[in-house]
Amino acid sequence: MTVEDYNKAVESYADNLYRFVLKNLKDVHLSEDIVQETFEKLWVKLEAVSVLKVKTYLFTSAYHTMIDYIRKEKRYVGFDPGEGIEPSHSSHYSDLTELLEIAVGNLPEDQKAVVMLRDYEGYAYREIADITGLSESQVKVYIYRARVYLKNYIGSIEQVI
């Protein structure tokens with residue numbers, strides 16, 4: 001990979017990478033730091049990363065950096081995002097996007113990451129497996145469980161409208 005290829009990768013993937021990390025962490029500054037760290041890792045391994053695999057490398061690196069941060073925070077804070085949350089939503093609400101973001105935020109980190117990669121970024125199951133280090137069947141299971149949770153959380157469309 002050349003410096004030109006690196007610059008093209010920054011232009012092509014920085015926004016998508018930032019959006020992926022931000023949707024998972026909900027912290028602007030931390031998301032910026034993780035994206036910057038990811039591109040720094042790519043710069044260090046410039047010679048070893050193929051131009052054809054740069055997108056997968058970037059998302060894999062960002063995913064692992066994000067997971068490391070989440071694990072570190074849980075260890076220090078003792079925070080469990082799914083603790084004490086009811087998997088349903090019964091009151092009437094009209095902003096489906098906001099409701100969906102809340103529901104996605106309640107998912108366990110692995111499920112949230114695979115759903116984001118599949119439904120927001122459009123990756124195939126095989127690509128998600130490569131990025132996360134999970135098996136393809138485990139990716140499918142996590143996506144299925146996440147979608148079932150989201151369906152139960154949101155409830156019927158009449159409650160949302």
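Out of all the residues in the range 11-55, which are farther than 21 Å from Leu100 by Cα, of a type in the set (S, T, N, Q) and out of contact with any helix residue (DSSP H, G or I) (no Cβ under 6 Å at 6 or more places or on another chain)?
Result: Ser12, Gln36, Ser50.
Give the number of residues within the range 86-101 that are within 17 Å of Leu22 (Cβ to Cβ) and either modelled with pLDDT of 80 or more or of a type outside the set (A, V, I, L, M, F, W, C) (or both). Give the steps one after another, and end with the answer.
Taking the range 86-101 first, the residues within 17 Å of Leu22 (Cβ to Cβ) are 97-98, 100-101.
Cutting the leftovers down to either modelled with pLDDT of 80 or more or of a type outside the set (A, V, I, L, M, F, W, C) (or both) gives us 97-98, 101.
Final tally of qualifying residues: 3.
Name every residue in the range 3-29 that is in contact (Cβ under 8 Å) with a residue 60 or more places away in the chain, farther than 16 Å from Lys55 by Cα and not in a loop (DSSP other than H, G, I, E, B), in order of residue number. So that I can check it myself, show each step before the final result.
Initially, the range 3-29 is screened for residues in contact (Cβ under 8 Å) with a residue 60 or more places away in the chain, giving 16, 19-20, 23-24, 26.
After this cut, where a residue has to be farther than 16 Å from Lys55 by Cα as well, the list is 23-24, 26.
Within the range 3-29, Lys23, Asn24 qualify.
Take Leu46 and decide whether it is surrounded by 12 or more Cβ atoms within 10 Å (Cβ to Cβ) and under 22 Å from Lys72 (Cβ atoms). Explain how you work it out, then say what you get.
Values: surrounded by 12 or more Cβ atoms within 10 Å (Cβ to Cβ): yes; under 22 Å from Lys72 (Cβ atoms): no.
It is false that Leu46 is surrounded by 12 or more Cβ atoms within 10 Å (Cβ to Cβ) and under 22 Å from Lys72 (Cβ atoms).
Looking at this structure, is Ala129 small (Gly, Ala, Ser), part of a helix (DSSP H, G or I), closer than 19 Å to Leu99 by Cα and not assigned by TED's automatic domain parsing to the domain that holds Ser12?
Values: small (Gly, Ala, Ser): yes; part of a helix (DSSP H, G or I): yes; closer than 19 Å to Leu99 by Cα: no; not assigned by TED's automatic domain parsing to the domain that holds Ser12: yes.
It is false that Ala129 is small (Gly, Ala, Ser), part of a helix (DSSP H, G or I), closer than 19 Å to Leu99 by Cα and not assigned by TED's automatic domain parsing to the domain that holds Ser12.
Against the conditions (1) modelled with pLDDT of 85 or more; (2) within 20 Å of Leu58 (Cα to Cα); (3) of a type in the set (D, E, K, R), where does Glu109 fall short? Just the number, please.
Against the list (1) modelled with pLDDT of 85 or more; (2) within 20 Å of Leu58 (Cα to Cα); (3) of a type in the set (D, E, K, R), Glu109 comes up short only on (1).
Name the pairs whose Cβ atoms lie under 9 Å apart, with the first residue in the range 95-108 and part of a helix (DSSP H, G or I) and charged (D, E, K, R), the second at pLDDT 80 or above and surrounded by 14 or more Cβ atoms within 10 Å (Cβ to Cβ), and 6 or more positions between them or separate chains?
Between residues of the range 95-108 that are part of a helix (DSSP H, G or I) and charged (D, E, K, R) and residues that are at pLDDT 80 or above and surrounded by 14 or more Cβ atoms within 10 Å (Cβ to Cβ), the close pairs are Glu101/Lys23.
Among the residues of the range 132-153, what is the count of those that are within 12 Å of Gln111 (Cβ to Cβ) and not in a helix (DSSP H, G or I)? Walk me through it before giving the result.
So in the range 132-153, the residues within 12 Å of Gln111 (Cβ to Cβ) come out as 132, 134, 138-150.
Now restrict to residues that are not in a helix (DSSP H, G or I): 134.
Here the count works out to 1.
Looking at the range 15-29 only, could you name the residues that are surrounded by 12 or more Cβ atoms within 10 Å (Cβ to Cβ) and either at pLDDT 90 or above or charged (D, E, K, R) (or both)? Explain how you work it out, then say what you get.
Within the range 15-29, the first condition is being surrounded by 12 or more Cβ atoms within 10 Å (Cβ to Cβ), and the residues that meet it are 16-25, 27.
Of everything in the range 15-29, those that are surrounded by 12 or more Cβ atoms within 10 Å (Cβ to Cβ) and either at pLDDT 90 or above or charged (D, E, K, R) (or both) turn out to be Leu17, Tyr18, Arg19, Lys23, Asp27.
Scan the range 102-144 for residues that are basic (Lys, Arg) and more than 17 Å from Asn24 (Cα to Cα) and report the count.
Step one: list which residues in the range 102-144 are basic (Lys, Arg), which gives 112, 118, 126, 140.
Pick out the ones that are also more than 17 Å from Asn24 (Cα to Cα) and you get 126, 140.
Adding up the residues that qualify gives 2.
The values are calculated or read from the model by the stated rules, or taken from the named source; none is laboratory data. Note that this is a predicted model, so its numbers are computed, not measured. Methodologically, a virtual Cβ is constructed for each residue, glycine included, from the backbone with ideal geometry; neighbour enumeration extends over all protein chains shown.
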